[in-house]
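Here the structure is laid out as structure tokens; the discussion comes afterwards.
The values are calculated or read from the model by the stated rules, or taken from the named source; none is laboratory data. Here the structure is a predicted model, which means the values were calculated and not measured. Every residue, glycine as well, gets a Cβ built from its backbone with ideal geometry; the counts of neighbours run over all protein chains shown.
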Amino acid sequence: MAEIQLYTIGFTKKNAETFFKKIKMAGVQRLIDIRLNNVSQLSGFAKKDDLKFFLKELCNCEYIHFPQFAPTKEILDNFKKKKINWMEYEEQFVNLLEKRKAQSLLNLSTFDNACLLCSEPTPDNCHRRLVAEYLKDHFDNIEISHL
């Protein structure tokens with residue numbers, strides 16, 4: 001079975017030039033925005049409508065907002081307010097993905113040359129990494145690269 005290339009990227013601590021060059025150079029065909037809130041003023045160039053336009057114009061890339069791969073507001077708030085640590089966050093979020101049957105929410109081909117987007121600058125403590133690893137655990141032929 002052919003490998004499916006799945007990328008992840010965060011927009012924080014990247015300017016627009018760096019962000020869009022990474023997307024274009026990787027050959028990303030579809031950006032899957034997995035943020036709970038994709039219209040925050042803090043998002044700058046990564047606000048939903050701007051992002052959709054820039055991706056199409058600069059990268060010939062499709063944009064999809066898919067909050068079903070985002071944590072609940074409660075899980076996110078508990079982590080931000082330090083009511084739970086990263087390990088607890090990770091456990092609760094993966095349980096949420098299992099409950100949602102996340103692996104069956106999109107067709108597997110949707111992930112080929114796709115990129116999961118979130119805000120965190122690195123994948124270490126970000127749910128995009130957890131989603132990517134969750135998908136890889138359910139589909140053996142997924143290769144993950146963090147941009």
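Quick notes on this structure:
- Selection from region 43-63 of residues that are in contact (Cβ under 8 Å) with a residue 12 or more places away in the chain, part of a helix (DSSP H, G or I) and among the hydrophobic types (A, V, I, L, M, F, W, C): PHE45, ALA46, LEU51, PHE54, LEU55, LEU58, CYS59
- Sub-6 Å Cβ pairs linking a first residue in region 110-123 that is assigned to a helix (DSSP H, G or I) to a second residue that is buried (at least 20 other Cβ atoms within 10 Å of the Cβ), at least 6 apart or interchain, are PHE111/ILE4; PHE111/LEU6, ordered by first then second residue.
- Note on region 19-42: among residues that are touching a Cys at 6+ places or on another chain (Cβ under 8 Å) and either free of Cβ contacts under 8 Å to residues at least 60 places away in the same chain or in a helix (DSSP H, G or I) (or both), the one that is surrounded by the most Cβ atoms within 10 Å (Cβ to Cβ) is ILE23.
- Any hit, region 68-77, residues being of a type in the set (Val, Ile, Thr) and closer than 22 Å to PHE139 by Cβ: no
- Counting the residues of region 125-147 that are over 14 Å from ILE34 (Cβ atoms), of a type in the set (Phe, Trp, Tyr) and within 15 Å of the chain's Cα centre (by Cα) gives 0.
- Sole residue being of a type in the set (Phe, Trp, Tyr), in contact with a Leu (Cβ under 8 Å, 6 or more places away or on another chain) and at pLDDT below 95, chosen from PHE20, PHE11, PHE69: PHE11
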